[in-house]
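Before any comments, here is the structure.
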Amino acid sequence: MFGAKEEEEKKEEGEEENEEQEEDEAGAGSKVTSMKAGEYVLHVLVETGKNVDLEGEDTVDPMVKISFMGRSKETTAKNDIGRISQVEWDEHIFIEPGE
């Protein structure tokens, strides 16, 4: 008799917690869409590139171009990369979105 009532109360408490969590998550999503330019920055760490395709060439000068919200930046070009398994950049790219 008492066990069923306690289980029902616990179930109701769990449902209330789930509703609060869903409201918090929904609120966070709406905050992201209302952010203004300059309030955030995209940070990309370019570490390595693998399986560089040379297409008949002996060497290439690979670089990585990153575009984000109307802005773009590039890593430095690595000179004379031959047929190796990977290219090391270890560069941090920071992009502030444009208006």
Original post:
Taking into account only those residues within segment 57-77 that are more than 13 Å from F94 (Cβ to Cβ) and small (G, A, S), which is modelled with the lowest pLDDT?
Top reply: G70
Subject >> So E9, is it outside any loop (DSSP other than H, G, I, E, B) and either surrounded by 10 or more Cβ atoms within 10 Å (Cβ to Cβ) or modelled with pLDDT of 65 or more (or both) >> reply: yes
**OP:** Those residues that are basic (K, R), closer than 19 Å to L45 by Cβ and outside any strand (DSSP E or B), I need them from segment 66-86; list them, please.
**Re:** K78
Original post:
In segment 87-99, what residues are surrounded by 10 or more Cβ atoms within 10 Å (Cβ to Cβ) and at pLDDT 80 or above?
Top reply: V87, E88, W89, E91, H92, I93, I95, E96
Original post:
Are any residues in segment 58-93 free of Cβ contacts under 8 Å to residues at least 40 places away in the same chain, at positive phi and not hydrophobic (A, V, I, L, M, F, W, C), and if so, which ones?
Top reply: G70, D80
Subject >> Top-ranked residue of segment 35-56 - restricted to ones that are surrounded by 10 or more Cβ atoms within 10 Å (Cβ to Cβ) and at pLDDT below 85, ranked as farthest from G82 (Cα to Cα) >> reply: M35
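The values are calculated or read from the model by the stated rules, or taken from the named source; none is laboratory data. All figures in this text were calculated on a predicted structure; none of them were measured in a lab. Glycine gets a Cβ as well: all are built from the backbone with ideal geometry, and neighbour counts include every protein chain shown.
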